[in-house]
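The values are calculated or read from the model by the stated rules, or taken from the named source; none is laboratory data. Keep in mind it's a predicted model, so treat the numbers as computed, not measured. Positions of Cβ are backbone-derived with ideal geometry, glycine not excepted, and every protein chain shown enters the neighbour counts. Only protein heavy atoms, including side chains, enter the accessible area calculation; ligands, DNA and RNA are left aside. Shrake-Rupley method; radii C 1.70, N 1.55, O 1.52, S 1.80 Å.
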Amino acid sequence: MDVSTQAKFRGPPIGRWLWLTLALAMSAAGGCQPADTAEPESQAVAAPTVVHAGAQVQDRIDGLDLATGADGSVHLVWRERPGLHGKTNRSARLMYQRGHGDPLRWGAPVQLADGIAGTPRVVAARDGLHVLAGSRLDHWWLPAGADRWQPQPALLGDHVPPATTFDAVGIDGSLVIAYATGGAAGDQVLNTLRWRGGQAGPVMPLASLPAVRRTRVGSIAQLHDPVLAQRDGRLLLLWGTRIPTETGPNVRLESRVQAAWSTDGGMGWSEAGRVTSDGADDYVNDLAVDIGGTTPLALFVAHGLFASHWDGDAWSPPRRLAGYDIGSLSGSAKAFRVAAASCAGRPLVAWVDGRHQGSDRRWWNPLGGFPWSDSPEWTNNDLFVLAGDALAAELDGRSATPRQQTVTGGQVEDVAVVDRGDHALLVWSGRKQVRKSSTDMGTPPTIWHRRIECD
């Protein structure tokens with residue numbers, strides 16, 4: 001508590017009792033509803049379609065990834081962690097579910113593996129479906145026309161460093177994988193490799209980040225979130241870095257976003273280029289990329305949603321999209337997840353932010369709680385979409401209203417989106433209602449989908 005705030009509550013005992021009486025009365029009258037949230041907008045949100053339910057409140061569902069097949073089928077993978085928020089935390093399960101038709105119908109979920117750590121990826125290729133997961137890039141293949149998954153050798157053997165994060169894309173009958181290695185023990189390296197016909201090619205280092213140790217605070221450099229996209233044999237790779245910098249007695253992590261191109265299907269790559277300028281200090285949480293339209297887009301979330309476009313020889317300065325002002329006592333500028341795809345040849349972006357985040361703060365109790373709290377903010381957030389003319393307006397510097405996809409008061413854990421020709425499919429995991437934690441309102445994790453029109 002700062003000095004000015006303390007002064008507000010000093011005074012004779014009768015003053016403190018009056019304040020306490022007023023606080024109790026207002027609490028009884030106002031309950032625990034979030035302050036400064038947009039209820040009319042929330043109530044207008046149509047209910048999404050449930051894809052997968054049945055998990056327990058203490059479980060967690062995250063790590064979503066989506067792919068579309070040449071026949072219009074949709075393929076969803078995710079990580080399910082039973083008991084993660086409870087006392088009986090068990091090993092994670094790797095799950096798969098297939099959807100087909102329009103309107104979309106989902107088949108039964110299939111467990112591919114148990115005990116797999118990390119976010120999975122699914123790729124629809126000419127020879128069938130491929131799922132990768134884990135630090136050794138464990139591999140499952142569903143051949144075209146088959147109905148049984150076939151485990152394959154891991155792409156990374158024990159003789160090479162394991163992956164910390166990765167992404168994968170299919171191109172020309174091959175899989176191209178970008179992955180990061182390293183951590184607290186040494187330098188971090190961004191590598192690429194190609195898998196074709198049952199064989200993994202050589203590992204090709206693309207960028208490196210020396211480990212930076214700050215023994216005073218224990219900070220190290222971080223290389224994170226490689227994201228791949230391809231179109232007509234051309235590949236774009238985006239990734240983030242966080243580099244500790246010392247400013248007087250403080251050490252902070254500066255976030256940067258970088259990119260590289262390949263015009264030969266991942267055999268060779270351009271020099272890494274900066275998407276963000278030197279010294280950017282907004283903490284990047286997640287990245288996405290779309291090159292399906294006429295202008296390739298790099299997207300990232302930090303304190304808001306940002307986009308940069310490729311103009312032929314350089315990236316434009318990042319522009320904030322769908323900006324908003326938070327309330328004086330509630331709401332957050334932080335954004336959490338972002339996903340992008342093309343929709344009828346135009347870009348579409350979906351992201352999660354905390355503009356409607358609830359709080360225990362009130363005008364009569366600005367610290368929150370009773371009589372105050374060290375953590376008054378709630379954990380709810382919301383999912384939004386910009387597409388078509390609205391996204392074009394934002395990219396051109398004109399304001400447009402994003403489409404809210406969730407009812408305020410819930411929590412979105414992860415999100416994925418794919419192009420289905422004349423519309424896009426948006427899938428997300430989360431909970432219907434939360435307050436201070438993911439589990440305190442008793443709502444289990446669920447996966448939903450929604451059809452998104454391209455206009």
Note to self: Looking at the range 82-94, I want the residues that are within 18 Å of residue 134 (Cβ to Cβ) and have a partner that is buried (at least 16 other Cβ atoms within 10 Å of the Cβ) and among the small types (Gly, Ala, Ser) with Cβ atoms under 7 Å, at least 6 apart or on another chain. Which pairs are those?
What the structure shows: 94/113; 94/133
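The rows are residues; the columns are (1) modelled with pLDDT of 95 or more; (2) at negative phi; (3) not β-branched (Val, Ile, Thr).
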| residue | (1), (2), (3) |
| --- | --- |
| 90 | no, yes, yes |
| 97 | yes, yes, yes |
| 106 | yes, yes, yes |
| 114 | no, yes, yes |
| 122 | yes, yes, no |
| 131 | yes, yes, no |
| 137 | yes, no, yes |
| 142 | yes, yes, yes |
Checklist line | Among (1) open to solvent by 60 Å² or more (accessible area, probe 1.4 Å); (2) in contact with a Phe, Trp or Tyr (Cβ under 7 Å, 6 or more places away or on another chain) - the single one residue 302 does not satisfy | finding: (1)
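Residue-by-condition table, conditions (1) more than 26 Å from residue 438 (Cβ to Cβ); (2) within 16 Å of the chain's Cα centre (by Cα); (3) polar (S, T, N, Q):
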{"position": "322", "(1), (2), (3)": "no, no, no"}
{"position": "330", "(1), (2), (3)": "no, no, yes"}
{"position": "352", "(1), (2), (3)": "no, yes, no"}
{"position": "361", "(1), (2), (3)": "no, no, no"}
Next item on the list: Sort out which residues of the range 307-341 are over 16 Å from residue 296 (Cα atoms), open to solvent by 30 Å² or more (accessible area, probe 1.4 Å) and in a strand (DSSP E or B), and write them in order of number.
Entry: 320, 336, 337
Next item on the list: With respect to residue 392, determine if the residue is under 17 Å from residue 301 (Cβ atoms) and of a type outside the set (Ser, Thr, Tyr).
Entry: no
Margin query: Name the residue that is surrounded by the most Cβ atoms within 10 Å (Cβ to Cβ), counting only residues in the range 433-455 that are in a loop (DSSP other than H, G, I, E, B) and under 18 Å from the mean Cα position of the chain (by Cα).
Written below: 445
Check: Can you find even one residue in the range 366-383 that is of a type in the set (D, E, K, R) and open to solvent by less than 40 Å² (accessible area, probe 1.4 Å)?
Finding: yes
Check: Does any residue in the range 431-455 that is more than 23 Å from residue 79 (Cβ to Cβ) and of a type outside the set (A, V, I, L, M, F, W, C) come within less than 7 Å, Cβ to Cβ, of a residue that is open to solvent by 60 Å² or more (accessible area, probe 1.4 Å) and not in a loop (DSSP other than H, G, I, E, B) six or more places away or on a different chain, and which pairs are these?
Finding: 455/389
Next item on the list: Scan the strands (runs of 3 or more DSSP E) fully inside the range 147-263 and keep the ones with 3 or more residues being without any contact (Cβ under 8 Å) to a residue 40 or more places away in the chain and over 22 Å from residue 122 (Cβ atoms).
Entry: 186-196, 204-209, 234-247, 250-262
Checklist line | Of all residues in the range 277-315 being polar (S, T, N, Q) and over 18 Å from residue 342 (Cα atoms), the one that is modelled with the lowest pLDDT | finding: 277
Margin query: Anything in the range 342-360 that is within 11 Å of residue 297 (Cβ to Cβ) and either part of a loop (DSSP other than H, G, I, E, B) or open to solvent by 10 Å² or more (accessible area, probe 1.4 Å) (or both)? List them, or say none.
Written below: 342, 346, 347
Notebook entry, point to check: Could you count how many residues in the range 70-100 are in a loop (DSSP other than H, G, I, E, B), open to solvent by less than 20 Å² (accessible area, probe 1.4 Å) and small (Gly, Ala, Ser)?
Noted result: 3
Check: Is it the case that some residue within the range 398-407 is not in a loop (DSSP other than H, G, I, E, B) and not aromatic (Phe, Trp, Tyr)?
Finding: yes
Notebook entry, point to check: Quick one: which of 325, 313, 360, 353 is under 21 Å from residue 378 (Cβ atoms) and without any contact (Cβ under 8 Å) to a residue 12 or more places away in the chain?
Noted result: 325
Margin query: Please pick out the residue among 111, 58 that is free of Cβ contacts under 8 Å to residues at least 60 places away in the same chain and over 23 Å from residue 193 (Cβ atoms).
Written below: 111
Next item on the list: Would you be able to tell me the number of residues in the range 107-129 that are outside any loop (DSSP other than H, G, I, E, B) and closer than 11 Å to residue 73 by Cβ?
Entry: 2
